[in-house]
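In what follows, a structure is listed as structure tokens, so that the remarks can point back to it.
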Amino acid sequence: MTKSEEIKTNLIYRGDCHSVLKREFPPECIDLIYLDPPFSFDPKYARLWYDKDTLKMFEEMRKGDVRHYVSWMSKRLEQCHRVLKNTGSIYLHCDWKFGHYLKMEMDNIFGRNNFQNEIVWYYRGGGASKKRFGRKHDTIFFYTKKTGDIHTFNLDDIRQPYSEDSLERLKYK
């Protein structure tokens, strides 16, 4: 990559990651990707951010056809794989409705052996159902581009001490 092709850092690139990554980023140039794709299909919200084709996919999703969503996501995950360095990591944030579908796509694109962890993010709030267990979690899938210990993982940078509020709330548990 020449100096003129250097990636601008400390910027937020707004738009669909498929077209932004394809247009703005050369192969193997990113160390870390955190992907939080849409999994809420409120048409009012979607119209603010997405093009006609994506809105059509959302409409199909509202009818219950998951294939459109998985295909849409697959194109974005392929671009993420293309731009991720061999030492890079990707974190994909999902909800309970689509996590299992997206895990299979991640296995296909990044390789099943490059799956590192599944982080379950439990949260409070909402009511309890009398028909099922509470749907009060999201999942974050952690993959690396290459198998082995060549990726960067800084656990000390991730861990944060409990807040005073949390310590107070947990002192009796």
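Annotations for the structure displayed:
- The single condition from (1) at negative phi; (2) modelled with pLDDT of 95 or more that residue 111 fails is (1).
Table: residues versus (1) under 22 Å from residue 147 (Cβ atoms); (2) modelled with pLDDT of 90 or more; (3) assigned to a loop (DSSP other than H, G, I, E, B).
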| position | (1), (2), (3) |
| --- | --- |
| 67 | no, no, no |
| 74 | yes, yes, no |
| 81 | yes, yes, no |
| 97 | no, no, yes |
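- Per the listing 126, 134, the residue uniquely exposed (fewer than 12 other Cβ atoms within 10 Å of the Cβ), modelled with pLDDT under 95 and assigned to a loop (DSSP other than H, G, I, E, B) is 126.
- Matching option when the condition is among the aliphatic types (A, V, I, L, M), in contact with an Asp or Glu (Cβ under 7 Å, 6 or more places away or on another chain), under 21 Å from residue 21 (Cβ atoms) and open to solvent by less than 40 Å² (accessible area, probe 1.4 Å), among 90, 109: 109
- Residue 46 fulfils the conditions (1) of a type in the set (A, V, I, L, M); (2) over 16 Å from the mean Cα position of the chain (by Cα); (3) modelled with pLDDT of 90 or more except for a single criterion, (3).
The values are calculated or read from the model by the stated rules, or taken from the named source; none is laboratory data. Remember, it's a predicted structure, so these values are computed and weren't measured experimentally. Reconstructed Cβ throughout: ideal geometry from the backbone, glycine too, with neighbour counts over all protein chains shown. Just so you know, the surface numbers come from the protein's heavy atoms only, side chains and all, with ligands and any DNA or RNA stripped out. Shrake-Rupley method; radii C 1.70, N 1.55, O 1.52, S 1.80 Å.
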